[in-house]
1. What order do you get for 214-222, 88-96 when each peptide is scored by the mean count of other beta carbon atoms within 10 Å, highest first?
2. What is the packing order of peptides 130-139, 147-156, 267-276, taking the mean over residues of other C-beta atoms within 10 Å and listing the highest first?
3. Can you tell me the length gained on complete extension of the stretch Leu42 to Asp110, counting 0.36 nm per residue apart and subtracting the Cα distance?
4. Give me the extension gain from Arg84 to Asn177: residue separation times 0.36 nm, minus the current Cα-Cα distance, reported in nm with one decimal.
5. Can you quote the Å³ per residue value for the convex hull of the Cα atoms in segment 110-232, rounded to an integer?
6. In nm, to one decimal, how far is the modelled label at Ser247 from the one at Gln163, with both set 7 Å along Cα→Cβ?
7. Going down the list Lys192/Lys225; Lys34/Lys273; Lys98/Lys132; Lys132/Lys254; Lys98/Lys220; Lys112/Lys225, which pairs span over 25 Å between their C-alpha atoms?
8. Starting from the 7 Å offset along Cα-to-Cβ, what nm value, one decimal, do you get for the label separation of Lys254 and Asn30?
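Just so it is clear, none of the values below were taken in a lab; they were calculated from the coordinates. A quick note: this is a predicted structure, and the numbers were derived from the prediction, not measured. Here Cβ is always computed from backbone atoms with ideal geometry, including for glycine, and neighbour counts include all displayed protein chains.
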Amino acid sequence: MKNSKLLLIFLGVALLGLSSCRKDDGFTDNCGGKAPGGAVGLLMSISQDAQMGLSSVAQIEADPTNFPVLDSTKYPVAYGHIYRIRDNILNSGKVYYKNEFPWRIRIIKDDKTLNAFCTPGGYIYVYTGIIKFLDNETQLAGVLGHEIAHADRRHSANQMLQQYGVDMLIQILSGGNPSMLAQLGAQLLALKFSRSDETEADDYSVRYLLNTEYDAQGAKYFFQKISGSSQVPEFLSTHPNPDNRVSNIEETWKCLGSGGNSGLFVERYNQFKSSLP
């Protein structure tokens, strides 16, 4: 748009309007919780998030050497376990785009890698390394909640919008330039989230788990688990201090009323790990 000042004024007025009509939407709370918004919500559709995510999915599926994905038909028990955890989170009533994104999960067979990630549009990948490293189902639920939050809060889409601009990004997603689309998919896989995005994802993991059978502080127990370990997950490489994140999660949980259940589900989680190759 030629007149950037007019665009900024428009966005400011629109954002004020959005914030004023979200007071009782079930997603707003007194601890900073709110429905996703910002410039990305005004300038990009949800379907475009899914297009971005699929560009990364294409990169993964074309590279089985680096991404050895387990066939869901060959490991139905393992996928049944992880989809049960996902469904618990989605049914909490706090995932804003629960019905808009597919929230498809794939398990990557790599016991040495402690990692999980979620592309824009809700395509989730979890490495066997992190599944086998954790002690109980609630810890993994905390991790999944964190990754779901990155997509649900549209963190990746917002970063790509800032980097490319709306016109260029939409042009790439239109498919007119396959090489640019492939480049976008690869870039998303290497994306590093900002500290504020990571903090927000931690906070929303608490919100997602609060109305489930899990302890809402599942992500906290994950960080406590890794704090004494020499293995640092890839997604913590730019944020190596889990102690601060534990404190932030505790503060969010207390602010939200210190409620929820206390289930860890160790035996069930051991059955999940046993179903993996």
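1. Numbers: 214-222: 27.3, 88-96: 19.4.
The densest-packed peptide leads the list: 214-222, 88-96.
2. 147-156, 130-139, 267-276
3. Numbers: separation 68, 0.36 × 68 = 24.48 nm, distance 3.86 nm.
Extra length available between Leu42 and Asp110 comes to 20.6 nm.
4. Numbers: separation 93, 0.36 × 93 = 33.48 nm, distance 3.84 nm.
Here the answer is 29.6 nm.
5. Working: hull volume 14.0 nm³, N = 123.
Hull volume normalised by residue count: 114 Å³.
6. 3.1
7. Values: Lys192/Lys225 22 Å; Lys34/Lys273 35 Å; Lys98/Lys132 27 Å; Lys132/Lys254 30 Å; Lys98/Lys220 23 Å; Lys112/Lys225 16 Å.
Cα-Cα > 25 Å for Lys34/Lys273; Lys98/Lys132; Lys132/Lys254; rest within.
8. Result for the modelled spin labels: 1.6 nm.
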